[in-house]
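Each reported figure results from applying straightforward, stated rules to the coordinates on display, with no laboratory input. All figures in this text were calculated on a predicted structure; none of them were measured in a lab. Backbone-built Cβ (ideal geometry, glycine too); neighbour counts: all protein chains shown.
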Amino acid sequence: MVLTGTLGLALIGALSSLLLSRTSKHFVNHTDEVVDAIDRLLPQTQCAQCGYPGCKPYAAAIADGEAINKCPPGGDDTISALADLLGRKVTGLDPSCRKASVATDEQVIAVIREEECIGCTLCIKACPVDAIVGAAQLMHTVIQSECTGCELCLPPCPVDCIDLHPLAMQPPHTVSPPASGFECIRCGLCEEVCPRDLLPQDLYWYRDSPSKLESLELDQCIECRRCDRACPSHIPLTDFFRSAKLEKQQQIGQANRAQHTLARYEHHLERQVASSQLVRQRPSTDEKASLLDAIKQKRR
Amino acid sequence: MPDALIILLTTIFVNNFVMVQFLGLCPFMGASQKLDSAIGMAAATTFVLTLAAAISFMVEHYLLVPFGLEYLRIISFIVIIAALVQFSEIVIRATQPMLHQILGIFIPLITTNCAVLGVALLNVRQSHSFIDSIFFGLGAALGFSLLLVLFASMRERLVHADIPAPFRGAAINMITAGIISLAFLGFTGMGR
């Protein structure tokens with residue numbers, strides 16, 4: 001009785017394990033797709049504030065179950081986008097990831113005090129986006145437009161000649177939208193006067209929804225201010241449109257910058273891998289000894 | 001109507017596993033946050049449930065009964081279900097990596113979905129034939145999928161609704177599930 005029971009269960013177990021081992025060999029894992037999808041949502045600053053060397057490694061870690069709230073440059077937007085993609089809960093930014101100097105929400109970049117730089121090239125190797133140029137024994141400098149302010153160059157510097165400066169270069173002429181509190185009565189007078197046959201009233205109502213503005217062809221607005229004058233509620237419509245346009249431009253600029261930084265980071269990684277392989281090709285100490293012996297024996 | 005079709009329809013609507021027999025409530029609440037993942041979960045559960053019903057029937061009638069091993073019924077059914085779940089997890093991970101990432105822990109948890117074991121055991125208790133047990137499993141799975149998809153689409157709308165603070169989150173979900181259950185009780189007594 002006990003024997004047949006044991007045999008029966010063993011048979012079921014053996015058959016199912018056979019099925020499972022066959023299927024797992026037949027199907028190959030495709031975790032790359034997940035990692036890529038996560039990586040596209042990260043800001044590509046390669047700042048390493050999450051504790052990983054760059055955005056892609058952090059994306060891989062998230063796919064393996066790491067928390068999604070460790071990206072200070074991405075902030076709440078990135079966290080909610082990741083939560084939406086992965087079906088996780090939205091949480092506040094992990095405070096341990098935020099460095100002291102960035103705590104003020106101000107974008108900073110690294111600047112080398114050039115008279116103190118001894119040309120050791122240590123910071124060049126540390127920079128994840130290759131934003132530091134210079135050669136051995138020669139002064140280094142930071143390419144301002146490439147620096148992401150990640151502070152990774154600070155610890156290696158032997159003479160502490162790198163400072164973080166707030167990025168003075170603000171985005172050009174931002175127009176903050178006028179304070180709300182205007183009452184659109186939906187009279188449609190603005191639509192009659194628009195020379196480009198746009199719908200200023202709808203543009204105003206959907207001013208916070210970029211996709212809607214896109215379909216309403218906000219780009220076609222020539223900012224002639226005729227709708228402003230036609231509006232019986234005196235809403236400065238054109239000011240709203242102008243700020244919405246600028247915001248869109250800035251977002252496009254940020255996306256381009258992210259692409260660019262990603263390309264630099266990948267190039268940096270490739271270069272590191274290549275140089276580490278160069279080092280690996282050199283003989284180790286044991287190999288050196290045996291090589292020397294071989295040479296000695298030849299001479300004899 | 002043929003017997004099999006009656007079994008199929010009654011298990012979907014009249015004896016719905018989730019809302020009338022209250023089996024499988026854990027994935028019903030856990031995997032219904034988004035419609036996409038709910039559909040994935042429903043498909044995986046349908047696959048596992050139908051196959052588990054068929055295989056458990058064969059094991060019962062060709063292995064357990066002939067050798068007098070009925071006392072091993074529960075443990076052998078659990079082994080079969082666990083293997084099938086693992087199989088579907090491997091397939092999902094390979095073909096739908098994003099879905100696998102979203103569902104995460106819920107795919108292995110199909111193993112402990114009491115509806116799956118419930119179907120296998122009820123098939124034995126109600127002494128269904130082979131075709132009947134497959135349709136019973138398929139009906140249970142379709143009923144579960146129907147409920148999961150209904151509830152997920154409702155929850156997607158509930159997120160945007162203006163709900164009084166004390167009812168937000170789990171509370172309103174429970175209330176909604178209760179109302180759906182009431183609606184399904186309206187089918188009671190039909191089909192038999």
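General remarks:
- Spacing of the two label points (7 Å from each Cα toward its C-beta) at A:ASP160 and A:ASP239, in nm: 4.8
- A crude spin-label estimate for the pair A:LEU9 and B:PHE67, with each label 7 Å from Cα along the Cβ direction, gives 1.2 nm.
- Here the simple spin-label model places points 7 Å from the Cα toward Cβ, and for B:CYS114 and A:SER145 these points are separated by 6.5 nm.
- Taking Lys and Arg as +1 and Asp and Glu as -1, the other residues whose beta-carbon sits under 12 Å from that of A:GLU33 total -1.
- Using a Förster distance of 56 Å, the FRET efficiency for B:CYS26-A:SER284 (Cβ separation, nearest 0.05): 0.50
- Chain A, relative contact order in percent, only Cα pairs under 8 angstrom and at least six apart counted: 14
- Local net charge near B:ILE134, Cβ-Cβ under 14 Å (Lys/Arg +1, Asp/Glu -1): -3
- Each Lys or Arg adds one and each Asp or Glu takes one away; over the other residues whose Cβ falls under 15 Å from the Cβ of A:GLU116, this sums to -3.
- Three semi-axes of the equivalent ellipsoid, chain B, Cα gyration tensor, whole Å, largest first: 30, 21, 13
- Karplus-based coupling profile of region A:134-145, in residue order and whole Hz: x, 10, 4, 6, 10, 5, 9, 8, 9, 7, 4, 6, with θ = phi - 60° in 6.51 cos²θ - 1.76 cosθ + 1.60 and x standing for Gly or Pro.
- Cβ-Cβ FRET estimate between B:ILE75 and A:SER21, R0 fixed at 25 Å, reported to 0.05: 0.70
- Distance histogram in 10 Å bins (all Cα pairs of the protein assembly as shown, percent per bin): 3, 13, 16, 17, 17, 14, 11, 6, 2, 0, 0
- Cβ-Cβ FRET estimate between A:ILE222 and B:LEU158, R0 fixed at 45 Å, reported to 0.05: 0.55
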